[in-house]
Amino acid sequence: MSLNKEGAGVSTGSSISQRLASRMLRTAGWNIHPFPDIPRAIVVAGPHTSNWDGVLGLACGVALGLDARFMIKHSLFKGPLGWVLRRFGAIPVDRSKTGGVVGQAVEQFNTHDRMVIVVTPEGTRHNAKQWKTGFHHIARQAEVPIVVAAADYRKKQLTYPLILQPTDDLAADMQKLYAAFAEATPRRPDRLSDPVKVLRGSR
């Protein structure tokens, strides 16, 4: 699959913030691959073992000019905070609403020609026992691919080692995702989620 900077919500220009983020990443020695040429996708980011992962992810998103979205509970969108959250790409979701988070995310995809929703399925940076799988249900129902965004702290690079069209075999799909994460060296290997740690330890 070809790679360029005209995928889902990717800016074709070069703003001051993009140039600044790119310069900061280069200075830190990081190599950021262009985002795949895909108009709509669920991006599974990780491995998540440190607070620095979020900082790195934000810098990479800005450098790429990627209009990434993420889901946050609707109750936090009151007052000025709501404006700030929306400004940074947050999508309000109401877990009590019919269809739940999955239904609301699918609705977002159905009303946008270009959209990237970023998730961290490990859910925590400390030895998650298992991954949350809601993102897989969203991708299947919205008929969008799952893109793995893996940050390798040893090589200092962000790559997309797997683009997966989800199937009805959840277990098999999850194993492919675990394996993609296992190839990357996280900032804190001792904090890897259990499914990834098992595969990484067997290498």
Handout entry: Distance between modelled label sites at ARG188 and THR27, nm, 7 Å Cα→Cβ extension
Key = 2.6
Handout entry: Cα-Cα over 22 Å, subset of LYS156/LYS197; LYS176/LYS197; LYS129/LYS156; LYS78/LYS129; LYS132/LYS156; LYS155/LYS197
Key = LYS129/LYS156; LYS78/LYS129; LYS132/LYS156
Practice task
Could you check the simple spin-label distance between GLN130 and LYS155, using points 7 Å along Cα→Cβ, in nm with one decimal?
Solution key: 3.1
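Residue separation times 0.36 nm, minus the C-alpha to C-alpha distance between ASP37 and VAL198: what's the value?
Extra length available between ASP37 and VAL198 comes to 54.8 nm.
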Problem - Per-pair calculated FRET efficiency, R0 = 30 Å: ALA172 and GLU107 via Cβ, rounded to 0.05 - result: 0.65
Handout entry: At R0 = 35 Å, FRET efficiency that the Cβ-Cβ distance of VAL55 and ILE163 yields, to 0.05
Key = 0.90
Fill in the blank from the handout: Projected onto their principal axes, the Cα atoms of the stretch 16-201 stretch, largest extent first, over whole-Å spans of 43, 43, 31
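Here, each number is a calculation from the coordinates, and none is a lab measurement. Everything numeric in this text was worked out from a predicted model, so none of it was measured. Cβ sites come from the backbone with ideal geometry, for glycine too, and all protein chains shown count toward neighbours.
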